[in-house]
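Just below is one structure, and these are the notes that go with it.
No value in this document is a laboratory result; all are computed from the given coordinates. Quantities reported herein were computed from a predicted structural model and do not represent experimental measurements. Cβ placement follows ideal geometry from the backbone for every residue including glycine, while neighbour counts extend to all protein chains displayed.
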Amino acid sequence: MAFHYKKALVHIRLLDRKFIMEKEFLDRVEDNAVVRTWSEMTQREKCDSLAEGYVSELWDFTRISVTQNNLQKLKEIWDQWNNEVRQLFYSNYGDLPYLLDMKINKRLFRALAQFWNPAYSCFTFGRVDLVPTIEEYMAFLRCSKIQVDKVYSKAVNVPTFLKRLMNITGMIEQWVIARIKQKGDSKCIPWKNLKDLILAHPDARKKVDVFALSIYGLVVFPKALGHVDEAVTDLFDRLDKRVTPVSAILTETFRSLNTCRIAEEGRFIGCAQLLLAWFHSHFWKVDKVSYRVLSESYSPLKEIVATPRRDDILEKNGWQFFKFARGGYRVESSVVASR
């Protein structure tokens with residue numbers, strides 16, 4: 001009798017917990033609806049900031065390149081690390097390693113880029129506008145050490161590239177000087193030098209720091225292929241002050257998309273992995289809501305990477321529509337065929 005009574009209590013507690021979680025989720029949905037209503041009313045009352053007479057429209061087909069760095073060595077290094085070193089990385093830099101397993105569907109990305117509206121700096125799908133937010137990217141990175149209200153901006157008096165590299169790598173001045181290269185209009189350090197340092201460095205924390213710097217330079221801000229750009233080290237050097245990198249990531253994403261769309265060609269040098277992860281999070285049909293999203297240990301990037309999907313883009317008379325994993329979502333395209 002006592003056993004059945006305890007079992008019933010456990011069942012009631014589980015039902016109560018499920019009810020609370022459902023209520024929390026529905027409250028969030030209601031809050032989103034309120035924000036959307038407010039946003040639409042403000043738009044109607046205040047209009048937008050475009051010049052009078054300007055007509056916003058999607059331009060002709062943009063030939064955009066999504067050339068990426070080879071991340072195989074980074075993956076191999078990560079796979080070789082034990083759980084202790086990995087946890088050290090997660091606690092300091094969040095879920096960045098999942099970006100290494102995020103596959104870049106170039107056809108999907110190029111199609112997505114056709115819907116970028118430079119006038120409003122957002123994606124325009126018919127009558128629906130979408131744009132990545134700081135909060136969404138913060139959720140992807142899932143790093144407790146960065147704060148959303150501490151935005152990165154380049155200071156007037158900052159350490160030199162040499163000093164920053166010495167601080168990050170823990171190496172002496174002569175070692176760093178011998179490896180700094182000039183690429184175009186900026187200085188950088190080759191990835192192969194950082195790779196050798198990660199493999200040989202005796203300090204586990206420095207291994208983790210250099211590995212994180214490599215992800216930022218090769219994946220998040222892939223300006224110079226095979227190299228980590230000087231500007232990346234300035235941002236990276238500020239992370240220990242709990243500054244969020246998200247504003248800089250989004251800025252570079254928007255800037256690069258605008259540049260390519262206006263020129264109708266170019267190479268995207270933002271973080272394609274994060275942008276596609278964001279895109280999948282909006283165009284991903286699910287049969288039911290996972291309660292794991294309310295858990296502090298829930299990792300959106302981990303789930304997106306682990307989810308099997310088919311990213312098919314069907315072509316008939318140009319880009320006509322998208323067909324995503326698990327089906328059910330269709331976005332009509334107003335983009336003309338490639339000339």
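Miscellaneous remarks
- Of Lys106/Lys241; Lys106/Lys206; Lys195/Lys302; Lys183/Lys207, those spanning more than 32 Å from alpha-carbon to alpha-carbon: Lys106/Lys241; Lys106/Lys206
- What the Cβ-Cβ distance of Lys145 and Glu84 gives, at R0 = 22 Å and to the nearest 0.05, is a FRET efficiency of 0.75.
- Here segment 92-142 is treated with +1 on each Lys and Arg Cβ and -1 on each Asp and Glu Cβ, and its dipole about the Cα centre works out to around 340 debye.
- Segment 66-108-segment 231-270 distance, computed between alpha-carbon centres (Å): 19
- Kirkwood Rh in Å, taken over all unlike Cα pairs in segment 115-180: 16.0
- Residue-span extension gain [Val128 to Glu264] - 0.36 nm each, minus C-alpha spacing: 46.7 nm
- Modelled label reach - Arg205, point 7 Å along Cα→Cβ, segment 229-255 residues with backbone N closer than 13 Å: 240
- Cβ-Cβ FRET estimate between Ser186 and Lys75, R0 fixed at 22 Å, reported to 0.05: 0.25
- Full extension of the chain between Val35 and Trp175 gives 45.1 nm of extra length, using 0.36 nm per residue less the Cα-Cα distance.
- Value in Å of the Kirkwood radius, where segment 63-323 supplies the Cα pairs that are averaged: 19.5
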